[in-house]
Amino acid sequence: MVKHIKIEALRMLRNKRYAVFVVAFPLGFYLLYSNLWGDQVDETTGVKASVILMVSMGAYGALASSIMSTAVPWAQERESGWLRQLQITPLPRWSFIVTKLIVSMLLTLPALLLVGLAAVLTQGVSLPPGEWAGLVVAMWLGVIPFAALGLTIGSLTRPDTAQPLAMIGMFGLALLGGLWIPLDIMPETMRTIAKVLPSNDYATIGWRIVAGEAPPASAVLGILGWGVALVAFAIFAFRRATVRA
């Protein structure tokens, strides 16, 4: 199983789509936005915009990575017959989905770490060690619902359908979840939608950590609830796909 994880991770790292959407986009957006508005300060928390944007763009990169690294590759593997090849190996069937989830989580780290590094080097962002550790761990574990969403898409659709659905999900969650546009300037309807999305709960946890506060229980429970629901649905879709194969 360890070798399988290594193969999957290396294969995704060579994928140009991964490099563009998961690394280049969030890093580029952070550099652009932080140079435009990085010196502004949030009146409620006193946190500089460069720090808030670091969380927002890191969250976008992480959720994009978790969706893109599961949805399209898994749909392609089903279509190409790779799944049938795996099923005749000694690997237990449960290891397929576990491998996908582990690889997806590992592949979120480049986006999180590179955006954080850019914040430190270009904007002079500095946090206490405990906040850095809490932020990275929370943002890393918080991608589980998005990885499960990508796996569900890959299990239920063909590759030519999985790609646009994954991109719609990725951009939709980022936009409506308040990662690209602050909730304060959104219309009322969009703010209402944002409050029930896992992407907003995910980013809220990070925003509170960098403000030196404990993550709100509503956001933690929200991301946990979405995680349980989407993982359960992903398992159902995965079993359906493996039975068909």
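Using the alpha-carbon atoms, what tilt in degrees (0 to 90, nearest 10) does helix 109-123 show relative to the longest principal axis of the chain?
20
Say R0 is 41 Å: what FRET efficiency, to the nearest 0.05, do THR45 and ILE235 get from their beta-carbon distance?
Efficiency at R0 = 41 Å is approximately 0.60.
If you build a Gaussian network model of the chain, linking Cα atoms that sit under 10 Å apart, which residue out of ALA111, ALA166, ALA133 swings the most?
Per the Cα network of the chain with a 10 Å cutoff, ALA133 tops the list.
Let me check something: with ligands and nucleic acids excluded, how do ASP201, ASP42 order by accessible area (1.4 Å probe), largest to smallest? Present the calculation step by step, with values, prior to reporting the outcome.
Numbers: ASP201 15, ASP42 50 Å².
Result of the area sort, largest leading: ASP42, ASP201.
Once you have the Cα-Cα distance between ILE185 and LEU109, take 0.36 nm times their residue separation minus that, and quote the gain in nm to one decimal.
Values: separation 76, 0.36 × 76 = 27.36 nm, distance 3.00 nm.
So the extension gain works out to 24.4 nm.
In Å², what does the accessible area per residue of the stretch 99-245 work out to with a 1.4 Å probe?
For the stretch 99-245, the solvent-accessible area averages 46 Å² per residue.
Return the single residue from ALA24, ALA203, ALA214 with maximal mean-square fluctuation; model: Gaussian network over the chain, springs between Cα atoms under 10 Å.
Comparing ALA24, ALA203, ALA214 in the GNM, the peak value goes to ALA214.
With each label point set 7 Å from Cα along the Cα-Cβ vector, what nm distance links ILE193 and LEU32?
Distance between the two pseudo-spin positions: 2.1 nm.
If you build a Gaussian network model of the chain, linking Cα atoms that sit under 10 Å apart, which residue out of PRO26, PRO164, PRO187 swings the most?
Comparing PRO26, PRO164, PRO187 in the GNM, the peak value goes to PRO187.
With every protein chain kept in the model, how would you rank THR242, THR204, THR192 by accessible area, 1.4 Å probe, largest at the top?
Most to least solvent-accessible, the answer reads THR192, THR204, THR242.
So if I place +1 on the C-beta of Lys and Arg and -1 on the C-beta of Asp and Glu, and nothing else carries charge, what would the dipole magnitude of the chain be about its Cα centre? I want it in debye, nearest 20.
Here the size comes out at about 1300 debye.
For GLU131 and GLN85, calculate 0.36 nm times their separation in residues minus their Cα-Cα distance, and state this gained length in nm to one decimal.
Length gained between GLU131 and GLN85: 12.1 nm.
Ignoring everything except DSSP H segments at least 4 long, calculate the 222 nm mean residue ellipticity for the chain; use -39,500 (n - 2.57) per segment, divide by total residues, nearest 500.
Details: 13 runs with 181 residues, N = 245.
Theoretical 222 nm ellipticity from helices: -24000 deg cm²/dmol.
Could you work out how far the C-alpha centroid of the stretch 207-245 sits from that of the stretch 141-157, in angstrom?
9
Based on the Cβ-Cβ distance of THR122 and ALA24, what FRET efficiency does E = 1/(1 + (r/R0)^6) give at R0 = 22 Å, to the nearest 0.05?
0.90
The values are calculated or read from the model by the stated rules, or taken from the named source; none is laboratory data. Since the model is a prediction, treat every value here as computed from it, not as a measurement. Cβ atoms come from the backbone with ideal geometry, glycine included; neighbour counts cover every protein chain shown. Ligands, DNA and RNA are stripped out before the accessible areas are found, and what is left, the full protein with its side chains, is counted by its heavy atoms. Shrake-Rupley method; radii C 1.70, N 1.55, O 1.52, S 1.80 Å.
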